[in-house]
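The values are calculated or read from the model by the stated rules, or taken from the named source; none is laboratory data. Keep in mind that this is a model prediction, so the values were computed, not measured. Virtual Cβ from ideal backbone geometry, glycine too; neighbours counted across all protein chains shown. Just the protein is used for accessible areas: all its heavy atoms, side chains included, with ligands, DNA and RNA removed. Shrake-Rupley method; radii C 1.70, N 1.55, O 1.52, S 1.80 Å.
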Amino acid sequence: MNQPPSIAEVVVNLSLDRGFDYVIPASLQGRVEVGARVRVPFGRKGHRVGFVVALKEKSVYPELKEIVDVEGKRAQIPPSLIRLAEWIARYYCCSREQAVRAMLPAVVRTGKIRPKKRRFVHLNPEVDLAERLPGLEKRAPKQAAVLKLLVRAGSSSVSFILREAEAGASVVKRLAEEGLISVEDRHVDRDPFAGDVILPSTPLKLYPEQARAVETINASLAAEEAQVILLHGVTGSGKTEVYLQAIQVCLEIGKEAIVLVPEIALTPQTTDRFRSRFGDTVSVLHSRLSDGERFDEWTKIHEGRTKIVVGARSALFAPFLNLGLIVVDEEHENTYKQDEAPRYQARDVAVMRGRMENVTVVLGSATPSLESFYNCRIGKYVLAEMPSRVDSRQLPAMEVIDMRAEAVLRGGSRIFSRRLTDLIRERLESGDQTLLFLNRRGYATQMLCTVCGYVAMCSDCSIAFTYHRGVERLCCHLCGSVLPAPQRCPQC
């Protein structure tokens with residue numbers, strides 16, 4: 001008979017980039033598993049919390065200390081995410097501890113937030129209220145009012161019952177002492193969707209290009225192959241409906257799905273669309289949730305009470321055990337890059353998680369990144385294209401204005417062209433609205449000579465220098481080169 005592993009390798013909450021071996025005591029056998037949160041003796045400072053990253057039979061180190069305790073009823077990090085963390089540490093050159101910490105929200109990792117409890121009351125079914133109520137209505141009208149409310153409501157929270165009956169806590173206490181009602185504490189979720197009204201939706205009829213894209217994704221799901229599919233669809237081509245119908249198939253085969261969006265601002269509207277289709281099986285994970293909401297949403301995922309997660313980068317590490325599909329919407333966006341350790345690219349980590357867990361990954365974009373498109377060209381990814389908008393709608397008209405010609409006609413450089421100001425004026429006169437987007441750092445995105453058309457370019461990157469007026473410098477925001485801004489045009 002095989003003996004269970006007797007040694008656990010643990011990474012503690014210090015960036016030492018190494019694990020430490022501990023003996024698993026007999027009292028904790030069966031509870032110590034990969035991904036478990038454990039308390040271990042460490043150094044001279046007593047105990048530290050760490051995570052088990054491996055189990056083994058023997059260690060090269062003598063006189064090992066024992067694990068003190070296991071925190072929680074089950075492993076907080078699935079073994080598949082421990083393997084992903086090991087890959088992140090190697091690929092992105094960060095410590096193992098940093099990579100493992102990224103697998104959990106801080107509120108879960110630190111253990112400072114606890115499940116929220118609320119006290120509920122319900123009637124004792126063995127009591128004959130018809131016999132007891134008349135007497136209570138005469139000598140204790142508040143108690144009678146509470147009982148009548150419970151007859152209508154069944155089980156309800158103590159706060160609601162006392163508020164509706166305009167009674168004090170002593171009324172509930174007295175009724176419980178007399179055995180007329182039972183009181184119990186229950187865990188309740190802090191709901192980030194509280195107060196939202198979502199109307200249910202049904203699957204839409206797919207256009208031919210959408211249907212082909214869904215078929216491609218469904219074929220990968222049915223074959224259980226770790227395919228990466230680049231969904232190249234123009235704006236308005238119906239990519240979200242493709243995601244929704246692919247996720248429906250994923251749920252039908254008993255698997256779970258993760259949907260990543262690049263911006264937190266996009267999460268509510270995306271979540272609403274998914275909740276209107278899938279209801280309470282959708283959870284959300286992003287940094288604008290309160291600590292309590294984030295803890296409860298993660299707990300619902302961890303306990304298997306939800307099947308779909310929508311969120312920003314960190315939602316990629318949702319602790320699903322039977323993941324079937326990962327969707328990375330707007331996969332080209334730079335916001336998928338984490339700007340603090342571990343500095344990972346969520347799109348690439350999604351592809352690696354898909355490969356490790358044999359999960360289909362869908363990368364959606366109207367303007368795919370160069371690397372994703374190249375991976376389609378060489379056969380690493382599957383390309384599904386949707387070049388047309390739904391209902392044959394036309395794409396918005398775009399015009400490019402030569403500002404050099406504007407400068408000649410108007411006797412100097414201008415920020416707005418005559419064409420732009422005329423169109424804005426038309427919109428204002430018709431009562432419409434106008435949005436102007438400024439996408440720049442510095443005083444100007446380029447230093448342009450309005451006479452000869454010369455633009456100051458970075459010789460290494462072949463892009464225009466950005467002009468910073470305050471320090472009179474030309475800066476390349478790609479390679480970091482900095483030059484003094486010329487006072488006269490170098491060309492003319």
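Worth a mention:
- For Lys65, solvent-accessible area (1.4 Å; no DNA, RNA or ligand), Å²: 100
- Its DSSP H runs of at least 4 residues, each contributing -39,500 (n - 2.57), put the calculated 222 nm mean residue ellipticity of the chain at -9500 deg cm²/dmol, to the nearest 500.
- Summary value for the range 308-428: 19 percent relative contact order, contacts being C-alpha pairs under 8 angstrom separated by 6+ residues.
- For a modelled paramagnetic label at Phe437, 7 Å from Cα along Cα-to-Cβ, the residues of the range 332-360 in reach, with backbone nitrogen under 19 Å, are 332-337.
- Cα gyration tensor shape for the range 257-337, rounded if a/c is under 1.5, else prolate or oblate: rounded
- Accessible area of Leu370 (1.4 Å probe, protein heavy atoms only, ligands and nucleic acids ignored): about 150 Å².
- Listed candidates [x] 32.6; [y] 38.5; [z] 24.3 - label of the one calculated as mean projected area of the Cα convex hull in nm²: [y]
- Thr434 exposes around 60 Å² of accessible area when a 1.4 Å probe is run over every protein chain in place.
- Net charge, Ala106 excluded, C-beta distance under 12 Å - Lys, Arg +1, Asp, Glu -1: +3
- Tensor-based shape of the range 7-86 (alpha-carbon gyration tensor, a/c under 1.5 rounded, otherwise prolate or oblate): rounded
- Each of Arg18 and Ala223 was given a label point 7 Å from its Cα along the Cα-to-Cβ line. The distance between the two points is 4.6 nm.
- Two-site label geometry, Lys205 and Arg418: point separation in nm, points 7 Å out along Cα→Cβ: 4.9
- Within the chain, longest stretch clear of exposed GluC sites (Glu not before Pro) (DSSP loop, no more than 10 other Cβ within 10 Å): 167-339
- Among the listed pairs Lys56/Lys307; Lys56/Lys337; Lys73/Lys116; Lys116/Lys148; Lys73/Lys112; Lys148/Lys173, those beyond 26 Å (Cα-Cα): Lys56/Lys307; Lys56/Lys337; Lys116/Lys148
- Partner aspartates and glutamates whose Cα lies under 15 Å from the Cα of Lys300, excluding those fewer than 8 positions away in the same chain, are identified as Asp189, Asp191, Glu256, Asp280, Asp291.
- Here the chain has 51 percent of its accessible surface on carbon and sulfur atoms, given a 1.4 Å probe and all protein chains in place.
- Surface accessible to a 1.4 Å probe, per residue, for the residues of the chain, Å²: 57
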